[in-house]
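A short worksheet on the structure shown next.
Derivation of every value follows stated rules applied to the coordinates shown; laboratory data play no part. The model shown is predicted, which means the values in this text are computed figures rather than measured ones. Glycine also receives a Cβ, built like all others from the backbone with ideal geometry; neighbour counts cover every protein chain displayed.
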Amino acid sequence: MVVAKRSLEQRLKEGTVIVGEGYLFEMERRGYLQAGSFVPEVALEHPEVLKQTYRDYMNAGSDVVLAFTYNAHREKMRIIGKEDLLEPLNRSAIRLAKEVAKEHPIEEALVAGNISNTNIFDPQDPDSKEKVRSMFAEMVKWCKEEGVDFINAETFYYHEEAVIALEEIQKQDLPAVVTLGL
């Protein structure tokens, strides 16, 4: 019997929703990510490894498959000379997450898109704010097109950058979870 997929909001009304995170450090520990740029190219280079990691998090109790796109934004990709892989990397990570979510034994797991803090946000520079907004807008658009259940916007060190992320998520009419770092 297939159970209808409940939304994040429905699940939160009923109790706790666990979102396993830490893919960046787990991929580094497994030898698939190089310290420094921390760009999640594993979504393109080793998709089966990423799918297995998603499964490992699900088996550990995560209710959500979080697409591993942390740091997969335009500026990080530009720094390593792979900006042309930005969209394929983001879409691949989401598609792999969706495949694993369907494997959940009781009810299909939720799939969350993921956007993260940038290395270019400067609260004193209006140009940086617009660049950040543009980066978030394209990533959120891809998340919407790929059919994520919500977006996790994470580890923001500037409140204003987090607000920009939330605004771009709301423009696409997607639920959001936003976290701040210390």
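Points to keep in mind about this one:
- Sum of side-chain charges, residue 134 neighbourhood, beta-carbon under 12 Å (Lys, Arg +1; Asp, Glu -1): 0
- Cα-based Rg and Dmax for the range 59-162, where Dmax is the largest Cα-Cα distance (Å): 14.6, 49
- The range 109-182 - charge dipole about Cα centre, Lys and Arg +1 at Cβ, Asp and Glu -1, debye rounded to 20: 80
- Electrostatic dipole magnitude of the range 1-124 [Cβ: Lys, Arg +1; Asp, Glu -1; Cα centre; debye, to 20]: 160
- For residue 161, net neighbour charge (Lys/Arg +1, Asp/Glu -1) across residues whose Cβ lies under 15 Å away: -4
- Other-chain or far-sequence residues with amide H under 5 Å of residue 66's (modelled H): 112
- Considering helices alone, the calculated mean residue ellipticity of the chain at 222 nm is -14500 deg cm²/dmol, with DSSP H runs of length four and up weighted by -39500 (n - 2.57) and normalised per residue.
- Ordering of 16-27, 106-117, 132-143 by packing is 106-117, 132-143, 16-27, highest average first (other Cβ atoms within 10 Å, averaged per residue).
- For the chain, modelled as a GNM whose springs connect Cα atoms under 10 angstrom apart, the maximal fluctuation among 51, 82, 98 occurs at 82.
- Cα lying deepest toward the dipole's positive end in the range 1-96, options 59, 47, 32, charges on Cβ: 59
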